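Novice: Structure incoming, see below.
A short reminder: the numbers here are calculations on the coordinates, not readings from a lab. What you are looking at is a predicted structure, and each value in this text was computed from that prediction instead of being measured. Cβ: placed from backbone, ideal geometry, glycine included. Neighbour counts: every protein chain shown.
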Amino acid sequence: MKAILINGSPHAHGCTYTALRAVADELERGGVETEILHIGHKTVRGCIACYKCQQLGRCVFDNDPVNEVAKKFEEADALVVGSPVYYAGPNATLCALLDRLFFSTPFSKRMKVGAAVASARRAGTTTTIDRLNKYFTIAEMPVVSSRYWNEVHGSTAEDVTKDEEGLQVMRVLGRNMAFLVRAIHREREQSGLPEVEAERIYTNFIR
């Protein structure tokens with residue numbers, strides 16, 4: 001069992017990383033292997049809706065981390081995405097990566113476990129988390145909760161280490177995620193995944 005954690009901050013070992021590290025430590029204690037991927041400092045272009053991925057089975061652009069992350073995501077049982085707050089929303093680089101990652105990959109994400117983490121000096125965390133959680137819910141990925149919203153506060157990594165409540169939330173998140181990953185893994189082995197409706201229904205509002 002494995003989880004990948006995506007650091008959407010430009011800073012490799014800043015506030016977002018500190019939060020993700022706390023989650024990863026608990027995942028590992030719970031028997032889930034982890035890997036933290038730093039993408040927030042890279043150049044990632046947005047989706048151009050060319051639909052080439054439907055022919056290729058991958059994104060047409062190979063000059064950024066999307067296809068590399070896709071391979072790791074396919075093999076993983078869980079995904080945690082972490083972002084700093086920019087104008088009450090996630091880092092644009094992270095959103096560009098996630099747009100293309102979820103749209104261009106043909107493999108099923110059903111019952112992979114997801115969670116979003118946000119870091120901010122003061123505010124904007126809940127809108128950031130709400131935006132990121134939508135990637136999971138559209139892909140039939142169970143979203144893991146903690147005992148409060150998955151956020152930490154501070155301007156520096158050192159500040160975050162003093163956010164005792166925030167770090168506790170991260171630890172609980174990691175333990176809950178490890179439990180859910182193990183439970184889904186066990187149920188998949190014993191009974192398989194929930195039934196899939198073969199035909200997907202699309203309802204257009206303009207007729």
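Novice: From the square roots a ≥ b ≥ c of the eigenvalues of the alpha-carbon gyration tensor of segment 10-114, which class results: rounded (a/c under 1.5), prolate (a/b over b/c), or oblate? Walk me through the numbers before you get to the answer.
Specialist: Values: a/c = 2.21, a/b = 1.30, b/c = 1.70.
Oblate, since a/c reaches 1.5 and b/c is not below a/b.
Novice: Explain nothing, just compute: Karplus ³J(HN,Hα) = 6.51 cos²θ - 1.76 cosθ + 1.60, θ = phi - 60°, for every residue of segment 88-98 in order, whole Hz, x for Gly and Pro.
Specialist: Values, residue by residue: 6, x, x, 4, 4, 4, 5, 5, 4, 5, 5 Hz.
Novice: Give me the extension gain from A123 to E195: residue separation times 0.36 nm, minus the current Cα-Cα distance, reported in nm with one decimal.
Specialist: Length difference between fully extended and current span is 21.9 nm.
Novice: Next up: Can you show me the helix-derived [θ] at 222 nm for the chain, built from DSSP H runs with n ≥ 4 at -39,500 (n - 2.57) apiece and divided by the number of residues, rounded to the nearest 500. Please list the in-between numbers first.
Specialist: Details: 7 runs with 88 residues, N = 207.
Using -39500 (n - 2.57) per qualifying helix, the result is -13500 deg cm²/dmol.
Novice: Taking the Cβ of A49 as the centre, find all other residues whose Cβ is under 15 Å away and add up their charges (Lys, Arg: +1; Asp, Glu: -1).
Specialist: Neighbourhood net charge equals +2.
Novice: At 0.36 nm per residue, minus the direct Cα-Cα distance, what do K42 and T137 gain on full extension? Give it in nm, one decimal, please.
Specialist: 31.6 nm
Novice: Hey, what D do you get for the chain in µm²/s if you plug the Kirkwood alpha-carbon radius into Stokes-Einstein at 25 °C and 0.890 mPa s?
Specialist: Numbers: Rh = 17.5 Å.
Answer from the Stokes-Einstein relation: 140 µm²/s.
Novice: Within 10 Å of each candidate Cβ there may be at most 14 other Cβ atoms; applying that plus a DSSP loop requirement, which trypsin sites (Lys or Arg not before Pro) in segment 55-131 survive?
Specialist: Of the trypsin sites (Lys or Arg not before Pro), the ones in loops of segment 55-131 whose Cβ has at most 14 other Cβ atoms within 10 Å are R110, R121, R122.
Novice: Of all DSSP beta bridges located in segment 3-155, what percent are antiparallel, nearest 5?
Specialist: Close to 5 percent.
Novice: First select every other residue whose beta carbon is under 13 angstrom from the beta carbon of R122; then total the charges, Lys and Arg +1, Asp and Glu -1.
Specialist: Summing Lys/Arg as +1 and Asp/Glu as -1 gives -2.
Novice: Do you know the relative contact order of the chain, to the nearest whole percent, from alpha carbon pairs under 8 angstrom that are 6+ apart?
Specialist: The normalised contact order for the chain reaches 25 percent.
Novice: While we're here: Could you pull out the longest piece of the chain with no exposed loop GluC sites (Glu not before Pro) in it, calling a site exposed if DSSP puts it outside H, G, I, E, B and it has at most 11 other Cβ atoms within 10 Å?
Specialist: It works out to 1-194.
Novice: Follow-up question, since we're still on this one. Could you tell me which of the pairs K71/K112; K71/K109; K42/K162 are separated by over 24 angstrom between their Cα atoms in the structure shown?
Specialist: K42/K162
Novice: Using a cut-off of 12 Å between beta-carbons, work out the net charge of the residues near V66 (Lys and Arg +1, Asp and Glu -1, V66 not included).
Specialist: With Lys, Arg at +1 and Asp, Glu at -1, the net is +2.
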